[in-house]
């Protein structure tokens with residue numbers, strides 16, 4: 001007897017898109033007519049209805065008004081889990097990041113997302129090749145900014161960051177964007193639960209030449225490691241491997257500038273030391 005096929009799982013944005021299409025049809029509007037009323041391209045409407053493009057909060061409010069939904073779409077978007085607004089390959093990290101009790105991060109190419117300003121973040125996505133659609137980029141920027149709300153929790157996680165010095169000399173977004181980004185690093189790492197260190201460009205030996213990593217601890221004190229390269233990523237859960245990554249990170253901290261020296265370096269870049 002042939003096994004019955006399991007129904008295909010419908011993603012959250014597909015469900016949202018189907019609801020938009022339902023309300024549009026209820027108002028007896030074609031996609032073209034609705035696009036004109038909403039002042040957007042008909043392809044954008046199609047992408048939202050098919051779940052290929054996320055419906056942003058401000059646009060949800062606009063759709064509610066145009067389609068007379070009583071605010072249903074805005075309420076739905078406001079109550080979607082943060083992970084659903086994140087690019088798919090990073091969702092594993094975000095699941096654990098939102099409840100982590102500690103986050104240790106080593107980055108060698110760009111400022112880590114949890115410290116980025118909106119302008120720096122947008123510039124990172126603007127530089128992506130092939131280019132992202134504007135609406136997709138805005139969606140990812142909004143999601144990354146929302147991830148930073150973990151620092152405002154009643155009991156925020158312990159955060160420690162090791163950044164390669166070269167990151168600070170790459171003017172992502174231009175000089176002013178970079179200056180504001182440096183100021184934000186200094187501001188974000190003021191609280192007692194936060195700290196950062198800079199790895200000087202000429203420092204050898206170096207315990208982490210293999211690339212970036214993020215180490216997390218869950219409320220159940222389970223330790224995880226998140227690795228990312230290009231558009232692929234994965235969580236390491238094997239205790240033996242995780243132990244080695246923690247040893248690496250510990251050595252990295254001993255090789256980097258101290259927190260005070262690192263803050264002095266950043267203030268120097270701002271001309272304020």
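The values are calculated or read from the model by the stated rules, or taken from the named source; none is laboratory data. Values in this document were obtained by computation on a predicted structure and should not be read as measured data. Using ideal geometry, Cβ is built from the backbone for each residue, glycine included, and neighbour counts are taken over all protein chains shown.
If you go through the range 214-245 and keep only what is more than 23 Å from residue 153 (Cβ to Cβ) and in a strand (DSSP E or B), you end up with 227, 228, 229, 232, 233, 234, 236. Considered as a group, the residues in the range 28-59 that are over 13 Å from residue 135 (Cβ atoms), surrounded by 18 or more Cβ atoms within 10 Å (Cβ to Cβ) and under 25 Å from the mean Cα position of the chain (by Cα) include one that is modelled with the lowest pLDDT, and that residue is 51.
Just wondering, is there one or more residues in the range 176-185 that are farther than 14 Å from residue 270 by Cα and modelled with pLDDT of 95 or more? No, there is no match, as no residue in the range 176-185 is farther than 14 Å from residue 270 by Cα and modelled with pLDDT of 95 or more. Say we look at the range 106-157 and pick out the residues that are in a loop (DSSP other than H, G, I, E, B) and over 30 Å from residue 223 (Cβ atoms); which of these is modelled with the highest pLDDT? Residue satisfying both the conditions and the ranking: 127.
Does at least one position in the range 196-216 carry a residue that is surrounded by fewer than 19 Cβ atoms within 10 Å (Cβ to Cβ), closer than 21 Å to residue 102 by Cβ and without any contact (Cβ under 8 Å) to a residue 24 or more places away in the chain? No: zero hits. Take the conditions (1) at pLDDT below 90; (2) surrounded by fewer than 16 Cβ atoms within 10 Å (Cβ to Cβ); (3) more than 16 Å from the chain's Cα centre (by Cα); residue 236 misses just one of them, which is (2). Report, by residue number, each residue of the range 130-162 that is closer than 30 Å to residue 202 by Cα and out of contact with any helix residue (DSSP H, G or I) (no Cβ under 8 Å at 6 or more places or on another chain). Selection gives 158 alone. Looking across 228, 237, one residue alone is in contact (Cβ under 8 Å) with a residue 24 or more places away in the chain and closer than 23 Å to residue 100 by Cβ. It is 228. The residue that is modelled with the highest pLDDT, among those in the range 67-105 that are in contact with a strand residue (DSSP E or B) (Cβ under 6 Å, 6 or more places away or on another chain) and outside any strand (DSSP E or B), is 101.
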